[in-house]
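Engineer: Would you mind keeping the following structure in view while I ask a few things?
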Amino acid sequence: MLHEIVDFVVETVGSLGYMGIFIMMFLESSFFPFPSEIVMVPAGYLAYKGEMNLALAVFAGIAGSLAGAVFNYFLAVKFGRKFLSKYGKYVLVKEETLEKMEDFFAKHGHISTFSGRLIPAVRQYISLPAGLAKMNIWKFSLYTSLGAGIWVLILALLGYFIGSNQELIDEYLKIIIVSILILLAVFILFYIRIKMKKDIISKAE
């Protein structure tokens, strides 16, 4: 089944080109539940075959991710918490998921829009609490683009260097995800420590 889906995505991306990558990553980044590796790994594979430009494929993936995230952001800004609680379930945004994302955003602050893009099952929804909090749109876009950029580049390079070996891709993805989570934990702790020091200094002044 997965092999058939990947073949379909490869054909779709091949026929629609960079716009196909943009559209699929827009959907993946907003609310449509399918993993980004199903899009970007085949895109990297097509780049390896010489049918796409790797840099342009990565750019299209980042642009699509940002556009989908901004869509969610403004959805939250415009309609608010009550609307998302009431109607979110119809687009697979459960109340429980929304609460988890709000807790994650509250604990880690604005930087969570960067770190959240690198965590499975978080990246699609972290834009909602950012929108509810009315986070600065330029900071939101910057952090989102950086986080999405890292993830999109990793997936595209996997497809480029490993090709169509699905088992090897799955193996490397597990290692990469675990490594990313460890690095994020260290990064967040370091970020919190710096922030606490700044707060102490500002209070002392």
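The values are calculated or read from the model by the stated rules, or taken from the named source; none is laboratory data. What you see is a predicted model; the values in this text were computed from it and never measured. Glycine gets a Cβ as well: all are built from the backbone with ideal geometry, and neighbour counts include every protein chain shown. Only protein heavy atoms, including side chains, enter the accessible area calculation; ligands, DNA and RNA are left aside. Shrake-Rupley method; radii C 1.70, N 1.55, O 1.52, S 1.80 Å.
Engineer: Confirm whether Ile38 is at pLDDT 85 or above, open to solvent by less than 30 Å² (accessible area, probe 1.4 Å) and among the β-branched types (Val, Ile, Thr).
Structural biologist: Considered against the rule, which asks whether it is at pLDDT 85 or above, open to solvent by less than 30 Å² (accessible area, probe 1.4 Å) and among the β-branched types (Val, Ile, Thr), Ile38 comes out as no.
Engineer: Do we have any residue at all in region 2-16 that's at pLDDT 85 or above and open to solvent by 70 Å² or more (accessible area, probe 1.4 Å)?
Structural biologist: no
Engineer: Still on this structure, I have one more. Is there any pair linking a residue in region 17-29 that is of a type in the set (Val, Ile, Thr) and open to solvent by less than 20 Å² (accessible area, probe 1.4 Å) to one that is assigned to a helix (DSSP H, G or I) and modelled with pLDDT under 90, with Cβ under 6 Å and at least six apart or on different chains, and which?
Structural biologist: What qualifies is Ile21/Val13; Ile21/Ala43.
Engineer: Another question, if that's okay. Yes or no: Leu157 under 29 Å from Ala76 (Cβ atoms) and either surrounded by 15 or more Cβ atoms within 10 Å (Cβ to Cβ) or at pLDDT 60 or above (or both)?
Structural biologist: Taking the combined requirement at face value, the residue does not satisfy it.
Engineer: Further question: For region 114-124, what are the residues that are buried (at least 23 other Cβ atoms within 10 Å of the Cβ) and without any contact (Cβ under 8 Å) to a residue 40 or more places away in the chain?
Structural biologist: Phe114, Gly116 - these are the residues of region 114-124 that are buried (at least 23 other Cβ atoms within 10 Å of the Cβ) and without any contact (Cβ under 8 Å) to a residue 40 or more places away in the chain.
Engineer: Next question. Only one of Leu92, Leu66, Leu75, Leu54 is open to solvent by 10 Å² or more (accessible area, probe 1.4 Å), at pLDDT 90 or above and over 14 Å from the mean Cα position of the chain (by Cα). Can you tell me which?
Structural biologist: None of the others qualify; the one that does is Leu54.
Engineer: Look at region 127-142 and say how many of its residues are surrounded by 24 or more Cβ atoms within 10 Å (Cβ to Cβ) and free of Cβ contacts under 8 Å to residues at least 40 places away in the same chain.
Structural biologist: 0
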